[in-house]
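Notes follow the structure.
Read-outs throughout are calculated quantities, based only on the coordinates presented, and are distinct from any laboratory measurement. The shown structure was predicted, so the numbers you read here are calculated from the model rather than taken from an experiment. As a convention, Cβ positions derive from the backbone with ideal geometry for all residues, glycine included, and neighbour counts pool all protein chains shown.
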Amino acid sequence: MGADKMLLFIPAYNCEKQIARVLGRINAEVARHIHEVLVVENCSTDHTLQAAPAALADCPVVNATLVRNLQNYGFGGSHSIAIDYALKYAFDYLIILHGDDQADPGDMREALEKKSYRDFPLYLGARFHPRSTLTAYSALRNYGNRLFNLLTSAVIGQRVYDTGAGLNIYSTELFKNGMYRYFPRDLTFSAWLLLDGVKQGYALTFFPMIWRSEDQVSNARIIRQGWIILKLLWRYRFGQMLEDSQQPHATGSYTVHYRKRNGMTAGPEAA
Ligand SMILES: Nc1nc2c(ncn2[C@@H]2O[C@H](COP(=O)(O)OP(=O)(O)OP(=O)(O)O)[C@@H](O)[C@H]2O)c(=O)[nH]1
Ligand SMILES: [Mg+2]
């Protein structure tokens, strides 16, 4: 295991078909840098919860935890659970890999080996990076995302190639201001993390990735999310990111369904 304590967090909602596939993409070269995998299952209506333990047992990362949220806390709410976990157990970095197998963890292998993420507390995968490959991505979402990337670039004064892809490395320093508790719990959560990190003065960079769209269901609502991000960019530029009325969300709760420690299945009771 590397010198940096890294948590690989996988948000998973209705991805029974993809969860084993995405965990299967974590090869030994990537796994040796990761201290623990945390799958946060968000009350799926399919069998994601049942599919995950065997896939975690097979995964070469030696420590693994599968939790199920007590209720659906949304995409951002699942991220908040992982951030709380990363801070509680003193992880240095939080890697986010979407559970629906659109991103390939192999795309961060070079960064893990060269430790280039140390220079960029926001080390983000980007679907719209010039060297990225996008397969079967709709024209509306493609151009819509590119437009928002340009707007975001203009507002923060540096080139942005994605405001929320499915593979990112964050330094946990970013989260110590506790702002993530206030962010909306929808798919715009990643854009908030990005803007809050930049506002705090942390360095940002993007790396290319291969982004697949095969049997995944897209929940991204480009127009609704675009509107939220536009408002956010406006407030970032001309005032404060949070509205005065915005309250922190209550800390989410979960039950533990699987644990593996040092390669041995430990069972939920060994918390
Ligand atoms: N939409 C959604 N996703 C969740 C939730 N909880 C966890 N997730 C996981 O978060 C990931 C991202 O969600 P997606 O809806 O696929 O969004 P996306 O892939 O960024 O968007 P597109 O590539 O544009 O389809 C998936 O791996 C989901 O399994 C939730 O409450 N809602
Ligand atoms: Mg997806």
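At a glance:
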read-out	value
Fraction of beta bridges assigned by DSSP in segment 73-225 that are antiparallel (%, nearest 5)	55 percent
Selected from Ala54, Ala64, Ala126 as most flexible by GNM, with the chain as the system and alpha-carbon contacts under 10 Å	Ala54
Relative contact order for the chain, counting Cα pairs under 8 Å that sit 6 or more residues apart, in percent	25 percent
Net lengthening on full extension, Thr135/Lys176 (0.36 nm per residue, minus Cα-Cα)	11.1 nm
Coil-residue trypsin sites (Lys or Arg not before Pro) of segment 1-70, DSSP, other Cβ within 10 Å capped at 16	Lys5, Lys17, Arg25, Arg32
Met241-Glu214 pseudo-label distance in nm [points 7 Å out on the Cα-to-Cβ vector]	3.5 nm
Long-range HN-HN contacts of Leu124 with modeled amide H, under 5 Å	Ile169, Thr205, Phe206, Phe207
Residue among Pro184, Thr45, Gly263 farthest towards the positive dipole end of the chain, charges placed on Cβ	Pro184
Of Tyr202, Tyr89, Tyr170, the one that fluctuates the most in a GNM where the chain has Cα springs shorter than 10 Å	Tyr89
Positive-end extreme of charge dipole, the chain - chosen from Gly197, Ala64, Leu233 (charges on Cβ)	Leu233
Net charge contributed by nearby residues that have their C-beta within less than 14 Å of Trp227 (K/R +1, D/E -1)	+3
Rounded to 5, the percent of DSSP beta bridges in segment 6-265 classed as antiparallel	40 percent
Integer Hz, Karplus 6.51/-1.76/1.60 couplings in order for segment 121-130, x for Gly and Pro	x, 10, 10, 10, x, 9, 5, 10, 5, x
For Tyr254, residues with placed amide H under 5 Å, excluding near neighbours	Leu70
Proximal lysines relative to Lys115, as straight alpha-carbon distance under 23 Å, when same-chain residues fewer than 8 apart are discounted	Lys5, Lys176
Segment Gln200-Arg261, length gained on full extension (0.36 nm per residue, minus Cα span)	18.4 nm
Segment 98-111 - phi-based ³J(HN,Hα) in whole Hz, Karplus 6.51/-1.76/1.60, Gly and Pro as x	5, x, 9, 6, 8, 9, 10, x, x, 5, 9, 4, 4, 4
Alpha carbon centroid spacing (whole Å) that separates segment 120-194 from segment 244-260	22 Å
Length gained when the stretch Arg159-Glu29 is fully extended (0.36 nm per residue, less Cα-Cα span)	43.8 nm
Vicinal HN-Hα couplings computed from phi for segment 223-228 (Karplus, 6.51 cos²θ - 1.76 cosθ + 1.60; Hz; Gly/Pro x)	6, 5, 5, x, 5, 4
Long-range amide H partners of Tyr161 with built H, under 5 Å	none
Charge dipole magnitude, Cβ of K and R +1, D and E -1 - the chain, Cα centre, debye nearest 20	500 debye
Nearest-ten-degree value, helix 139-156 long axis tilted from longest Cα axis of the chain	70 degrees
